[in-house]
Structure formats: C-alpha cells, structure tokens
Amino acid sequence: MKTFHSRLTCFLEVLVCLSFLSFFSMVILLVGLRYLFNSSITGANEIITILFVYTTAIGAAIAVGQRGHIAINILIEKLPQRLAKHLAKLQLALVGLINFAIAWFSVPWISQTGDNLMPTLGAMRAVVQISIPLGCGLAVLYCITTAIVGLEETKNGDSTQPQASSHTRDQDRSA
C-alpha cells in the first residue's frame, strides 16, 4: 500500500506540474499577444481557469496525502505519544469524512447546474465542476491509504508517530 501511495503521489505531482506549466505558458503567451500584437486566443482565458481549478483540486488532495493540510501541532506535541497517535487517526478520519461529504453532495449539484455552457468555449460547466468530487475523492483515497499504511506499520512494529509535512518539519528545525 505504501508503494501505491507514493506512486499515486508521484503521478499526481507530475500531473499538477504539467497543468501548472501549461497555464503559466498560456498566460505568458496571452500577455505577449495582447501587448505586442493587440491580439488574443479565443477561449484561452477559460482554459487557464479550468487548468487552475484542476491544479488546485488535485494539489489539495496531494497535501492531504502528504499530511500537509491544515495542522496545528502545538497540542499534539504536548500529548503523550500514544494519545497523539489516536488524535492523528481521528484527524485523518475527520478529513476523510469531510471530503467524502463534499464529494457526495457535489454530484447532485453538478447534475443540476453542469448543463450550463461556458460563454466562450461552449463546453458544459460540469467540465470544471467535476474537479470538486475528483479532488475530494482523491483526498478520501489518500486518507484511506494513509490509514492502511499506519495499520501496516503498527502491525510490523514500526514507529507510527504522526507525521507533519516536510514543510512543517523544516520550519520546526529552523525555529
């Protein structure tokens, strides 16, 4: 499961990087066209918006997978290790539950409003709106795989101290 978790993260990070590179390049191209040639590409602004929304949704799921989502570790650091482990499991369950609820309730919303067309591209708005259940579904998948990896490590006797993101650990070292 640990291998699946890391491969999924690697795949999604590449996807986010390509998406970000694409919309960054399109922004540079549009600015150049606008200021140098007083021209533009029809629909490019909507494509940039779509890429940005998907980058954000998938990036948020990656943050959950790396345990880099909102975390206030002051309490966990002061608790005994056993209680901190249980609190981390509860946190993981709550994040998964919230993301599942958002994904679940977004599907009927998309079915009601997704038929509207985007003004320039003429694509259905559902193309963008599907990013919500996609990102939340990936976050739930990360919560499940993280829980399974934690159970495997507990079963094998490995240390399962709740991990903060590498960014948080780097901040702790520099402080």
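The values are calculated or read from the model by the stated rules, or taken from the named source; none is laboratory data. All values reported here derive from a predicted model rather than from experimental measurement. Cβ atoms come from the backbone with ideal geometry, glycine included; neighbour counts cover every protein chain shown. All accessible areas refer to the heavy atoms of the entire protein, side chains included, with ligands and DNA or RNA removed. Shrake-Rupley method; radii C 1.70, N 1.55, O 1.52, S 1.80 Å.
Brief remarks follow.
- Segment 66-85 residues that are at positive phi, paired with ones that are at pLDDT below 75 (beta carbon under 9 Å, 6 or more apart): Arg67/Pro162; Arg67/Gln163; Arg67/Ala164; Arg67/Ser165; Arg67/Thr168
Yes/no per residue for (1) at pLDDT 90 or above; (2) among the acidic types (Asp, Glu); (3) touching a Gly at 6+ places or on another chain (Cβ under 8 Å); (4) more than 30 Å from Lys2 (Cβ to Cβ):
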{"site": "Ala101", "(1), (2), (3), (4)": "yes, no, no, no"}
{"site": "Val107", "(1), (2), (3), (4)": "yes, no, no, yes"}
{"site": "Ala123", "(1), (2), (3), (4)": "no, no, no, yes"}
{"site": "Ala139", "(1), (2), (3), (4)": "yes, no, yes, no"}
{"site": "Thr145", "(1), (2), (3), (4)": "yes, no, yes, no"}
{"site": "Val149", "(1), (2), (3), (4)": "no, no, no, no"}
{"site": "Glu152", "(1), (2), (3), (4)": "no, yes, no, no"}
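- Hits in segment 64-89 (condition: open to solvent by 30 Å² or more (accessible area, probe 1.4 Å) and either under 17 Å from Val149 (Cβ atoms) or polar (S, T, N, Q) (or both)): Gln66, Arg67, Gly68, His69, Asn73, Gln81, Lys85, His86, Lys89
- Qualifying positions in segment 6-24 - open to solvent by less than 60 Å² (accessible area, probe 1.4 Å) and farther than 19 Å from His69 by Cβ: Ser19, Ser22, Phe23
- Those residues of segment 66-80 which are more than 25 Å from Ser6 (Cβ to Cβ) and part of a helix (DSSP H, G or I), in sequence order: Ile74, Leu75, Glu77, Lys78
- Per-region count, segment 30-59, residues in contact with a helix residue (DSSP H, G or I) (Cβ under 8 Å, 6 or more places away or on another chain) and farther than 21 Å from Ile130 by Cα: 4
- Subset of segment 114-148 (residues that are part of a helix (DSSP H, G or I), surrounded by fewer than 18 Cβ atoms within 10 Å (Cβ to Cβ) and not small (Gly, Ala, Ser)): Val127, Leu134, Ile144, Ile148
- Residue match in segment 40-60 (condition: without any contact (Cβ under 8 Å) to a residue 12 or more places away in the chain, exposed (fewer than 14 other Cβ atoms within 10 Å of the Cβ) and hydroxyl-bearing (Ser, Thr, Tyr)): yes
- Of the residues examined, Thr3 is one that is among the hydroxyl-bearing types (Ser, Thr, Tyr), open to solvent by 50 Å² or more (accessible area, probe 1.4 Å) and modelled with pLDDT under 90.
- Hey, Ile50 part of a helix (DSSP H, G or I) and under 29 Å from Ala147 (Cβ atoms) or not: no
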